[in-house]
Amino acid sequence: MSREYADKKIKEALQLCNGNAARARQQIVILAQDDINLLNALVKPHIDGIVAYQVERVASGRAELESRHPNEKPSTKDQRFGMDLLRAIASSDVAVFGLEGGSTPRKRSGTSKQHIDAIHKLAASRHKKKK
């Protein structure tokens, strides 16, 4: 019943907002603050993840750190990490594990004439000794 109730309220909000999803989301948030049944219906499928995140946040000490520095924004280094990671995934010219020095593996080139001659000489001299 609760899922159907949430779906019904979402459809009503979409109709009220002429199909505008952003405005419908705002409407649902406002409604959920006063309607505990709607709030429960919206949160129920996600409660395990929400609780796990909050427990990990407190256990790791981030909650205490956040309470000490409430206005502190994440460092630019932390913000850059995400963008660097996305660029690395999207880029076609990325370092390969074990080759981070920028050296790419060389492709095999054809065998030189000098090398082939040397192998033939070795094989011929060995063949002559057996006879």
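The values are calculated or read from the model by the stated rules, or taken from the named source; none is laboratory data. Predicted model, so just to flag it, every value in this text is computed and none were measured. We place every Cβ from the backbone using ideal geometry, glycine too, and count neighbours over all the protein chains shown.
Contact map, the stretch 13-38: residues that are closer than 18 Å to Arg3 by Cβ paired with residues that are part of a helix (DSSP H, G or I) and among the polar types (S, T, N, Q), Cβ distance under 9 Å, separation 6+ or inter-chain. Pairs shown: Ala13/Gln26; Ala13/Gln27; Leu14/Gln27; Ala24/Gln15; Asn37/Ser2; Leu38/Ser2.
Within the stretch 73-115, take every residue that is polar (S, T, N, Q) and surrounded by 10 or more Cβ atoms within 10 Å (Cβ to Cβ) and give me the one that is modelled with the highest pLDDT. Out of the qualifying residues, it is Gln79.
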